[in-house]
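Enquirer: Dumping the structure here so I can ask a few things about it.
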Amino acid sequence: MTDKHKPQVKEDFRIRKDAFGEVRIPKGVYYDKETVRWMEKFGIGEPLPFAFISALALVKKACAFANRDCGVITAKQTTMIAKACDAIIAGNYTGQFPVSTFQSGSGTYTNMNMNEVIAHIAHVSHGGNLDDEITIIHPNDIVNRSQSTNDVFPTAMYVASVLALQKQVIPSITQLVDVFNKKGKEYAKVIKAGRTHLMDAVPISVGMEFDGWGSRMQRAEKNITRSIDTLSILPIGGTALGSEINTPDGFAQLAVSYISQFTGHAFIPAPNKFVDISSHDPMVEASFALSNTALTLDTITTTIRYLASGPRTGLGELVMPTAEPGSSIMPGKVNPSVLEAVRMACNAIEGKHETIKLANRSSEQDMNTGKPIMAVTFLESAELLASSCQLLAKKCIAGITLNHAVIQKYLANTLMTVTALTPVIGYAQAAKIAVHAHKNNITLREAAITLGVSAKVYDEFVDPRKMVKPFVSGIKRKSSLKKAADSELSRS
């Protein structure tokens with residue numbers, strides 16, 4: 001049988017050649033040779049998240065408009081790039097970005113992957129065949145015009161981070177703060193025994209605890225908001241090392257202006273682009289704000305777990321909403337699963353901050369080479385924190401109720417309400433009363449009367465409600481205290 005009579009096997013790949021050799025590319029994909037080279041060389045890890053891919057496409061779109069305004073690409077080419085970017089942002093080509101975090105430390109392959117996909121979308125949309133050589137618009141000469149991976153990737157990283165904080169993290173924290181504040185108002189008048197060092201302390205209200213947790217999260221939210229300022233300084237236009245090589249005059253300002261227009265957030269061009277290419281301190285600062293918020297949330301959930309422990313052998317002041325069985329062997333057991341899930345997420349966020357810190361150490365000489373891991377890890381932390389706040393607010397805090405009987409029992413038995421007597425009888429005598437009550441297993445009132453405090457004075461001053469929020473004005477209270485003190489001192 002001659003060659004011409006052999007069965008024809010249909011090739012399922014297209015061949016591309018350049019200075020580095022020949023590459024076989026699967027047919028039907030929108031990426032090209034540089035993406036395939038990454039897949040052949042690395043191929044480890046999961047693809048970068050869509051939040052980053054979307055931000056990178058947005059930056060590419062902004063750069064196209066800036067290049068048009070600078071007169072280095074045509075209006076038609078700009079329109080083709082913009083439409084391709086819009087389609088990517090809409091999620092129409094999510095399977096065309098296989099490049100993962102683990103690649104070149106600058107993110108080169110991701111940038112090339114994006115250039116290739118944009119070029120192919122434009123090529124096909126204007127009558128070209130997907131598997132033909134790209135002729136309508138070139139990935140490097142047109143899509144990547146006036147850009148380098150070194151300035152495009154961190155710009156997209158900052159844009160994605162700002163959007164994640166604004167659209168996910170901050171609204172989720174606000175939601176949690178609102179739920180805490182609502183509970184604070186609901187339980188403002190419920191007085192309970194306070195605790196310091198896990199030991200009895202002066203009374204507070206349950207509402208004070210919820211208000212305090214809300215205030216802590218609100219403070220953390222403000223720190224996150226402040227971190228957005230440094231993330232808003234973009235190095236686009238710096239190209240390879242911040243020297244602005246191969247960029248037309250005014251390109252950086254125009255690109256940033258378009259990014260601001262497309263996102264609705266006021267970004268600004270980096271005054272020293274070398275700084276924001278060679279290192280990424282703003283990412284570390286913003287990550288610290290996320291990590292510190294996670295740490296705050298961790299301590300709050302720990303406290304709530306203690307207060308809800310039991311139901312019969314723990315503190316049992318708070319009653320958690322029941323969602324699911326807590327044990328595969330102990331029937332009827334219920335665990336604080338939501339709190340534990342949130343705590344683990346917080347632990348993960350704290351660990352991810354360490355990853356970002358280490359990645360920023362990869363800022364040897366003139367460029368940071370830990371960009372992809374910083375971008376991905378930050379977005380993961382933002383997603384975890386936002387989801388945790390939403391879960392905690394909806395599935396836990398909103399459904400918490402109080403075990404009033406337990407709260408009143410602890411309040412009646414605490415010894416630290418004796419603190420209210422110290423202005424009247426002095427610290428030393430008050431301490432004797434507390435110790436006497438504890439040693440003899442009697443009430444604080446009984447001990448006070450036994451040691452010489454009149455029942456009238458005790459009942460007037462050892463009132464938990466007055467200890468949290470006095471019912472009389474400060475002036476009258478001082479007068480009342482002085483009168484009682486004089487009476488008790490004269491008796492002694």
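Enquirer: Where q = 0.06, 0.08, 0.09, 0.11 Å⁻¹, what log10 of I(q)/I(0) comes from the Debye formula for the chain, counting one point per Cα?
Expert: At q = 0.06, 0.08, 0.09, 0.11 Å⁻¹ the computed log10 ratios are -0.45, -0.66, -0.75, -0.93.
Enquirer: Counting Lys +1, Arg +1, Asp -1, Glu -1, what net charge surrounds S363 among other residues with beta carbon under 12 Å of its beta carbon? Walk me through the numbers on the way to the answer.
Expert: Values: positive: K357, R361, K371; negative: D276, D281, E364, D366.
After counting each charged neighbour, the total is -1.
Enquirer: Report D for the range 34-120 in µm² per second (integer): Stokes-Einstein, Kirkwood Rh on Cα pairs, 20 °C, 1.002 mPa s.
Expert: Numbers: Rh = 13.4 Å.
In µm²/s, the coefficient rounds to 160.
Enquirer: So what's the angle, to the nearest 10 degrees on a 0 to 90 scale, between helix 371-395 and the longest Cα principal axis of the chain?
Expert: Tilt of helix 371-395: around 40 degrees.
Enquirer: Checking the table K192/K469; K357/K394; K394/K469 against a 22 Å threshold on Cα-Cα, which pairs fail?
Expert: Details: K192/K469 13 Å; K357/K394 32 Å; K394/K469 31 Å.
Over 22 Å Cα-Cα: K357/K394; K394/K469.
Enquirer: Using alpha carbons only, how many degrees (0 to 90, rounded to 10) separate the axis of helix 206-231 from the longest principal axis of the chain?
Expert: The helix 206-231 is inclined about 30 degrees to the chain.
Enquirer: Write down the radius of gyration of the range 61-104 and its Dmax, each obtained from C-alpha positions, in Å.
Expert: 13.2, 36
Enquirer: Pop the C-beta distance of A19 and Y306 into the FRET formula with R0 = 56 Å and round what comes out to the nearest 0.05. Please report the intermediate quantities before stating the final value.
Expert: Details: r = 65 Å, r/R0 = 1.17.
After rounding, the FRET efficiency stands at 0.30.
Enquirer: Could you tell me how many degrees, from 0 to 90 and to the nearest 10, lie between the Cα long axis of helix 50-69 and the main elongation axis, the longest principal axis, of the Cα atoms of the chain?
Expert: 50
Enquirer: What Kirkwood hydrodynamic radius, in Å, does the range 350-428 give when the mean of 1/r is taken over all pairs of distinct Cα atoms and then inverted? Write out the running numbers ahead of the final one.
Expert: Numbers: mean 1/r = 0.0559 Å⁻¹.
Result for the range 350-428, one decimal place: 17.9 Å.
Enquirer: Run down the aspartates and glutamates and flag those whose C-alpha is under 12 Å from the C-alpha of K273, throwing out any fewer than 8 positions away in its chain.
Expert: D151, E244, D366
Enquirer: Here's another thing I want to ask about it. Whenever you get a sec, line up Y427, Y258 from highest to lowest accessible area (probe 1.4 Å, protein heavy atoms).
Expert: Numbers: Y427 180, Y258 35 Å².
Order by accessible area, largest first: Y427, Y258.
Enquirer: Further, regarding this structure: Helix-only estimate, please: 222 nm mean residue ellipticity of the chain, summing -39500 (n - 2.57) across DSSP H runs of length 4 or more and dividing by its residues, to the nearest 500. All intermediate terms of the calculation are to be shown ahead of the outcome.
Expert: Details: 19 runs with 280 residues, N = 492.
Value at 222 nm, helices only, nearest 500: -18500 deg cm²/dmol.
Enquirer: Using packing as a proxy for protection, rank 128-136, 66-74, 227-235, 262-270 so that the peptide with the highest average count of other Cβ atoms within 10 Å comes first. Intermediate values should be presented prior to the final figure.
Expert: Working: 128-136: 13.9, 66-74: 18.7, 227-235: 20.7, 262-270: 16.6.
Ranking, from highest mean packing down: 227-235, 66-74, 262-270, 128-136.
Enquirer: Now for a different question. Once each part is reduced to its C-alpha centroid, what is the distance from the range 74-146 to the range 362-416 in angstrom?
Expert: Each part reduced to its Cα centre gives a spacing of 39 Å.
Enquirer: Dividing the convex hull volume of the Cα atoms of the range 148-246 by its residue count, what figure in Å³ per residue is obtained? Let's see the in-between values first.
Expert: Working: hull volume 10.8 nm³, N = 99.
Expressed per residue, the convex hull around the Cα atoms of the range 148-246 is 109 Å³.
Enquirer: Still on this structure: Using alpha carbons only, how many angstrom separate the centre of the range 437-461 from the centre of the range 181-240?
Expert: 38
Enquirer: So how far apart, in nm, are the two label points at K469 and K41 if each is 7 Å from Cα heading toward Cβ?
Expert: Each label point lies 7 Å from its Cα, and together they span 6.7 nm.
Enquirer: Also, I was wondering about something else. Can you work out the base-10 log of I(q)/I(0) for the range 24-70 at q = 0.23, 0.24, 0.27, 0.34 1/Å, using the Debye formula on its C-alpha atoms alone?
Expert: So the normalised log intensities work out to -0.94, -0.96, -0.99, -1.08.
Enquirer: Quick check: convex hull over the Cα atoms of the range 256-391, volume per residue in Å³, rounded to an integer? Please report the intermediate quantities before stating the final value.
Expert: Numbers: hull volume 20.0 nm³, N = 136.
Hull volume normalised by residue count: 147 Å³.
Enquirer: Okay, next question. In square nanometres, what is one fourth of the surface area of the convex hull spanned by the alpha carbons of the range 231-321?
Expert: Values: hull surface 36.0 nm².
The number I arrive at for the range 231-321 is 9.0 nm².
The values are calculated or read from the model by the stated rules, or taken from the named source; none is laboratory data. Given the structure is predicted, the values throughout are model-derived calculations rather than measurements. Glycine gets a Cβ as well: all are built from the backbone with ideal geometry, and neighbour counts include every protein chain shown. Protein only, heavy atoms only, side chains kept; ligands, DNA and RNA dropped before computing areas. Shrake-Rupley method; radii C 1.70, N 1.55, O 1.52, S 1.80 Å.
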